[in-house]
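These notes concern the structure reproduced below.
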Amino acid sequence: MKLSTKGRYGVKAMFDLALHGGDTPLSLKTIAERQDISEPYLEQLISTLRKAGLVKSVRGAQGGYLLARSPDQITVGSIIRSLEGSMAPTECVAEDEPVNCEKADYCVTRLIWEKIRKSIDHVIDSITLQDMIDDYKKVSSQDNMYYI
């Protein structure tokens with residue numbers, strides 16, 4: 001399973017907002033430059049994240065974007081799902097609307113796909129933006145470059 005740029009760049013942008021934003025709105029231009037993301041593409045991602053209730057916009061000359069909740073309340077899973085949809089490896093084990101298959105009751109591979117989905121969900125739902133900030137601070141205090 002491979003994430004698209006939507007998920008990867010969305011996590012990078014949200015991390016940037018968590019690390020540098022606080023109570024001060026950040027412009028898309030600033031985030032795009034710092035994270036090496038195209039500004040028009042970032043605008044699309046932020047729009048989706050705003051609709052999902054993860055970021056809020058502030059209008060005006062000093063406007064920009066802020067996290068809608070504190071970093072310890074936003075999981076990597078919520079970011080990725082808002083941009084990518086379900087993390088299920090097959091449609092038959094999707095969380096929202098699993099596709100009913102006539103072989104579901106005795107399908108051995110379905111059990112595997114379900115275990116994979118649950119494992120992925122567990123990992124991405126257990127990591128918050130605050131965890132990422134804490135990890136960044138640990139790594140950056142060792143004078144290493146840290147890329148996400």
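The values are calculated or read from the model by the stated rules, or taken from the named source; none is laboratory data. This is a predicted model, so every value here is computed, not measured. With ideal geometry, Cβ positions are generated from the backbone for all residues, glycine too; neighbour counts draw on all protein chains shown.
What single numbered condition from (1) of a type in the set (Ser, Thr, Tyr); (2) more than 26 Å from Tyr41 (Cβ to Cβ); (3) under 20 Å from the mean Cα position of the chain (by Cα) fails to hold for Tyr65?
Answer for Tyr65: the failing condition is (2).
For Asp131, are the conditions met, namely being under 17 Å from Met14 (Cβ atoms), among the charged types (D, E, K, R) and surrounded by 14 or more Cβ atoms within 10 Å (Cβ to Cβ)?
For Asp131, the condition - under 17 Å from Met14 (Cβ atoms), among the charged types (D, E, K, R) and surrounded by 14 or more Cβ atoms within 10 Å (Cβ to Cβ) - is met.
Within region 14-59, how many residues are within 13 Å of the chain's Cα centre (by Cα), surrounded by fewer than 13 Cβ atoms within 10 Å (Cβ to Cβ) and among the acidic types (Asp, Glu)?
0
Among the numbered conditions (1) touching a strand residue (DSSP E or B) at 6+ places or on another chain (Cβ under 9 Å); (2) surrounded by 14 or more Cβ atoms within 10 Å (Cβ to Cβ), tell me where Val11 comes up short.
Of the numbered conditions (1) touching a strand residue (DSSP E or B) at 6+ places or on another chain (Cβ under 9 Å); (2) surrounded by 14 or more Cβ atoms within 10 Å (Cβ to Cβ), the odd one out for Val11 is (1).
Residue by residue through region 93-126, note down the ones that are in contact with a strand residue (DSSP E or B) (Cβ under 8 Å, 6 or more places away or on another chain) and surrounded by 15 or more Cβ atoms within 10 Å (Cβ to Cβ).
Ile124, Asp125
Keeping to region 1-16, report how many residues are within 15 Å of Glu39 (Cβ to Cβ) and aliphatic (A, V, I, L, M).
1
Can you find a residue in region 85-92 that is out of contact with any helix residue (DSSP H, G or I) (no Cβ under 8 Å at 6 or more places or on another chain) and loosely packed, with under 12 Cβ neighbours inside 10 Å?
There is no residue in region 85-92 that is out of contact with any helix residue (DSSP H, G or I) (no Cβ under 8 Å at 6 or more places or on another chain) and loosely packed, with under 12 Cβ neighbours inside 10 Å.
Considering only residues that are part of a loop (DSSP other than H, G, I, E, B) and modelled with pLDDT under 95, which ones fall in region 48-63?
If the condition is that a residue be part of a loop (DSSP other than H, G, I, E, B) and modelled with pLDDT under 95, then Arg59, Gly60, Ala61, Gln62, Gly63 are the ones that fit.
Condition (residue is in contact with a Gly (Cβ under 7 Å, 6 or more places away or on another chain), closer than 23 Å to Asp125 by Cβ and either outside any loop (DSSP other than H, G, I, E, B) or of a type in the set (A, V, I, L, M, F, W, C) (or both)) applied to region 29-45: is it met by at least one residue?
So far as region 29-45 goes, yes, one or more of its residues are in contact with a Gly (Cβ under 7 Å, 6 or more places away or on another chain), closer than 23 Å to Asp125 by Cβ and either outside any loop (DSSP other than H, G, I, E, B) or of a type in the set (A, V, I, L, M, F, W, C) (or both).
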